[in-house]
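Visitor: One structure, pasted below without further comment.
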Amino acid sequence: MRTILFWIFSGVAVVSALLCITRRSPVASALWLVTTLFHLAALYVLLDAHFIAAVQVLVYAGAIMVLFLFVIMLLNLGRTGPGDMKGAWGRVVAGVAGFVLLGELLAFRLAAPPGRLRLPAGAVEHAAEEQGAVTAIARPLFEAYLVPFEITSVMLLAAIVGAVVLAKRKL
Amino acid sequence: MLLGPALAVSAILFSLGVVGVLLRRNAIIIFMCVELMLNAVNLTFVALSQQLGLDGQVFVFFVMTVAAAEAAVGLAIIIALYRHRDTLNLQHINLLRG
């Protein structure tokens, strides 16, 4: 059951990603990207990452894509002008580069992680069942990764200030 | 275990993102393709965290934070660019072309 659902969701995600990079209108592209992100959230649920799935829907499919659509609306890019695809030569280069990269990545997949790094089967699900899905992530986040977490807040502040300075007409 | 299939899907999504960046000339669509690549990497992290421990999901959390900051700054740059050049077509934004 889980495997069938996995293939359905991943099939829809890949097809909508393909539509996202081929649609002419930026609005259509953005909406297909939202579809891809939602289906990725479903894949996270199937991979036992429930908290990450919720954050994916809230932050990616919600906040970030609203920001994209808002900018498209602000710049009035919705109408379909002449296509912005590259010419025949550019398409050939993009296709060949894509297939070469895909082959390389699928070859990397054969290199399994070394056995001594691998946890015993079911350890992650067991931790999530024992402590709850959120606590299981919060514990490493606020213990081992506390300093990166705090630095993240400084980075977000810098991003806010930078975005305001860049987008402002006159300072 | 869904580890192998998840890594394959992630590889396909990442390659589609790269193809999109190489194929399009609209700056905002190229930016969306970059987001697609970030998401493919997140899928890899989540898939491997099933076997290698929950630290992978913490990393996904950080990647999402960086992506949110990057989207805010990048879209501000795009707005400034559109204001100066009245276009988002990267063919016409070629000050750095050799």
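Visitor: Of all helices (runs of 4 or more DSSP H) completely enclosed by the stretch A:52-142, which ones contain at least 2 residues that are more than 25 Å from the chain's Cα centre (by Cα), of a type outside the set (Gly, Ala, Ser) and more than 8 Å from chain B (Cβ to nearest Cβ)?
Guide: A:88-108, A:123-131
Visitor: Are any residues in the stretch A:55-78 of a type in the set (A, V, I, L, M) and in contact (Cβ under 8 Å) with a residue 12 or more places away in the chain, and if so, which ones?
Guide: A:Val57, A:Ala61, A:Met65, A:Leu69, A:Ile72, A:Leu77 - these are the residues of the stretch A:55-78 that are of a type in the set (A, V, I, L, M) and in contact (Cβ under 8 Å) with a residue 12 or more places away in the chain.
Visitor: Can you pull out every residue in the stretch A:137-154 that is surrounded by 14 or more Cβ atoms within 10 Å (Cβ to Cβ) and free of Cβ contacts under 8 Å to residues at least 24 places away in the same chain?
Guide: Matches in the stretch A:137-154: A:Ala138, A:Arg139, A:Pro140, A:Leu141, A:Tyr145, A:Pro148, A:Phe149, A:Thr152.
Visitor: Sticking with this one: So is B:Ala27 small (Gly, Ala, Ser), facing chain A (nearest Cβ under 7 Å) and closer than 23 Å to A:Leu37 by Cβ or not?
Guide: Taking the combined requirement at face value, the residue does not satisfy it.
Visitor: Among the residues of the stretch A:23-51, which ones are at the interface with chain B (Cβ under 8 Å from one of its Cβ atoms) and among the hydroxyl-bearing types (Ser, Thr, Tyr)?
Guide: A:Ser29, A:Thr36, A:Tyr44
Visitor: Only one of (1) open to solvent by 40 Å² or more (accessible area, probe 1.4 Å); (2) touching a residue at least 60 places away in the same chain (Cβ under 8 Å) fails for A:Asp84. Which number is that?
Guide: (1)
Visitor: Tally the residues that are closer than 27 Å to A:Gln131 by Cβ, aliphatic (A, V, I, L, M) and part of a helix (DSSP H, G or I), restricting the search to the stretch A:15-49.
Guide: 6
Visitor: All but one of (1) out of contact with any Leu (no Cβ under 7 Å at 6 or more places or on another chain); (2) surrounded by 13 or more Cβ atoms within 10 Å (Cβ to Cβ) hold for A:Met65; which doesn't?
Guide: Unmet condition: (1).
The values are calculated or read from the model by the stated rules, or taken from the named source; none is laboratory data. Since the model is a prediction, treat every value here as computed from it, not as a measurement. Cβ atoms come from the backbone with ideal geometry, glycine included; neighbour counts cover every protein chain shown. When the accessible area is computed, the model is the full protein with side chains, heavy atoms only, and any ligands, DNA or RNA have been set aside. Shrake-Rupley method; radii C 1.70, N 1.55, O 1.52, S 1.80 Å.
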